[in-house]
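The values are calculated or read from the model by the stated rules, or taken from the named source; none is laboratory data. None of these values were measured; they are calculated from a predicted model. Here the Cβ positions follow ideal geometry from the backbone for every residue, glycine too, while neighbour counts run over all protein chains shown.
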Amino acid sequence: GSTIGVLGGGQLGRMMALAGRAMGYRFITLDPTVDSPCGQVADRQIVAAYHDIEAARMLSEQSDVITYEFENVDAEVTELLMEESYVPQGSRLLYITQHRLREKQAIESAGVKVAPYAQIASSAQLREELQRLGTPCVLKTATGGYDGKGQWVIRSIDEADEAYEEISRAGTELVLEQFIDFDKEISVIAARSPRGEVKAFPAAENIHVNNILHLSIVPARMDEAVQQEAEQLAIQIAESLNVVGLIAVEMFVTHEGELYVNELAPRPHNSGHYTMEACKTSQFEQHMRAICNLPLGSTELLTPVVMGNILGQHVEPAMDWIMQPESEQVGSGITAKLHMYGKQEAKDNRKMGHLNVLAPSVDEALQWIEASGIWSTKE
Ligand code: ATP
Ligand code: MG
Ligand code: MG
């Protein structure tokens, strides 16, 4: 079978490799950490920095197809890989999603709404744009942010100088966005293959704690017509950007049922882990199908599901739970499937695994999660 090279050895690469191996592919990953989550399940790992050109060359020499599990791939590495091997996802999608301004422009070109925004180059301009957009607004670094890092919610214009000083410290361009008073946050993952086939997974309702995903609830508890619109918007974006592989689309839903796209991720997404047991095809299998130009699989939802992230602080109670006899673990009609990523150090807020709770209804899954003792109820 063909060998798939994965740039990045984290849990997303691991779950790609687990799905792809079942389809007969071999895997090689590049990651600086020895015995990375993906390296543990791949055939081989090249241990090197992500921006190491020689290592990238080795990866391309040993792979038939190259993919990545994070979007901040070094431009020079991308260029080399594009020249020396087959990268079905291309470089444009990375270029766009690495920068919030480019990303917003691409979303708008697809005919999809984003929160009103402005590029910010000075604190004077920040004040001006705050006047125009009104408060609250969010000031964000244009590149490199994750888990809400590099962001400041500006509630009044008096905070402008302090916010500018703090966020401009990163040395990247800045974006100011109107703060959307959302009812819910949702995400839709769409897949597109080189032959132009496109499919979206059902929208997930996402609950964050400390800006880190805590729960994904599917079906989302909202109007079905809005869910369908969200899935349609994700497909529209995938087509407009000529995506190959997966595109995860994070959206805000207002109280009036309007949709605004927050950001994109050109890869499997944490909020899509529910698909592993709850859909006919998982997001990881779908990614493999898309990049290998196979027909896409059905995205049909088989059961209501709630995915809960297991962070470092949740590992102990999760292990206590898994040690119980099966009869104690599950309620009536409930199945909970634990996935762990093989990481050694359970640091606070580090993503160590996740649990998919399949139930007759999302309310029952949520009740089960409350009672499981894995997450403190405050979360
Ligand atoms: P991720 O880990 O998802 O990549 P990130 O650091 O890129 O996170 P965003 O997704 O842009 O950050 O923002 C983090 C969270 O902050 C959002 O999920 C949302 O709750 C809130 N947020 C960001 N921008 C806005 C906005 N314009 N209006 C309202 N809430 C916002
Ligand atoms: Mg982000
Ligand atoms: Mg986000």
Would a scan of the stretch 166-187 turn up a residue that is surrounded by 21 or more Cβ atoms within 10 Å (Cβ to Cβ), away from ligand 3 (no atom under 14 Å from the Cβ) and in contact (Cβ under 8 Å) with a residue 60 or more places away in the chain? no
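Results for (1) surrounded by 14 or more Cβ atoms within 10 Å (Cβ to Cβ); (2) part of a loop (DSSP other than H, G, I, E, B); (3) within 15 Å of ligand 1 (Cβ to nearest atom), shown as yes or no for each residue.
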site	(1), (2), (3)
G111	no, yes, no
A118	yes, no, yes
Q125	yes, no, no
L130	yes, no, yes
V138	yes, no, yes
Y146	no, yes, yes
K149	no, yes, yes
W152	yes, no, yes
E159	yes, no, no
Which listed residue, of E263, E277, E345, E328, is within 16 Å of ligand 2 (Cβ to nearest atom), surrounded by fewer than 24 Cβ atoms within 10 Å (Cβ to Cβ) and among the charged types (D, E, K, R): E263
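Would you confirm whether or not the stretch 107-124 contains a residue that is within 16 Å of ligand 2 (Cβ to nearest atom), in contact with a helix residue (DSSP H, G or I) (Cβ under 8 Å, 6 or more places away or on another chain) and within 30 Å of S60 (Cβ to Cβ)?
Taking the stretch 107-124 and keeping what is within 16 Å of ligand 2 (Cβ to nearest atom), we get 107, 114-115, 117.
Now narrow it down to the ones that are in contact with a helix residue (DSSP H, G or I) (Cβ under 8 Å, 6 or more places away or on another chain): 107, 114, 117.
Adding the requirement that they be within 30 Å of S60 (Cβ to Cβ) leaves none.
Scanning the stretch 107-124, I find no residue that is within 16 Å of ligand 2 (Cβ to nearest atom), in contact with a helix residue (DSSP H, G or I) (Cβ under 8 Å, 6 or more places away or on another chain) and within 30 Å of S60 (Cβ to Cβ), so the answer is no.
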Just name the residue that is nearest to ligand 2 (Cβ to nearest atom) out of those in the stretch 230-251 that are assigned to a strand (DSSP E or B) and within 12 Å of A203 (Cα to Cα). E250
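How many residues are assigned to a loop (DSSP other than H, G, I, E, B) and either in contact with a Lys or Arg (Cβ under 9 Å, 6 or more places away or on another chain) or free of Cβ contacts under 8 Å to residues at least 24 places away in the same chain (or both) if we restrict to the stretch 346-364? Show your work before the answer.
In the first step, residues of the stretch 346-364 are kept if they are assigned to a loop (DSSP other than H, G, I, E, B); the result is 346-350, 359-361.
Imposing the further condition that a residue be either in contact with a Lys or Arg (Cβ under 9 Å, 6 or more places away or on another chain) or free of Cβ contacts under 8 Å to residues at least 24 places away in the same chain (or both) reduces the set to 350.
Adding up the residues that qualify gives 1.
May I ask you to verify whether R14 is of a type outside the set (S, T, Y), under 20 Å from the mean Cα position of the chain (by Cα), modelled with pLDDT of 95 or more and not assigned by TED's automatic domain parsing to the domain that holds Q344? Quick ask: steps written out before the conclusion?
Details: of a type outside the set (S, T, Y): yes; under 20 Å from the mean Cα position of the chain (by Cα): yes; modelled with pLDDT of 95 or more: yes; not assigned by TED's automatic domain parsing to the domain that holds Q344: yes.
Spelling it out, R14 is indeed of a type outside the set (S, T, Y), under 20 Å from the mean Cα position of the chain (by Cα), modelled with pLDDT of 95 or more and not assigned by TED's automatic domain parsing to the domain that holds Q344.
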Positions within the stretch 12-36 being more than 16 Å from D64 (Cα to Cα), in contact with a helix residue (DSSP H, G or I) (Cβ under 9 Å, 6 or more places away or on another chain) and polar (S, T, N, Q), in sequence order: S36
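Residue-by-condition table, conditions (1) assigned by TED's automatic domain parsing to the domain that holds Q236; (2) outside any strand (DSSP E or B); (3) more than 22 Å from the chain's Cα centre (by Cα):
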residue	(1), (2), (3)
Y164	no, yes, yes
I189	yes, no, no
P194	yes, yes, no
N206	yes, no, no
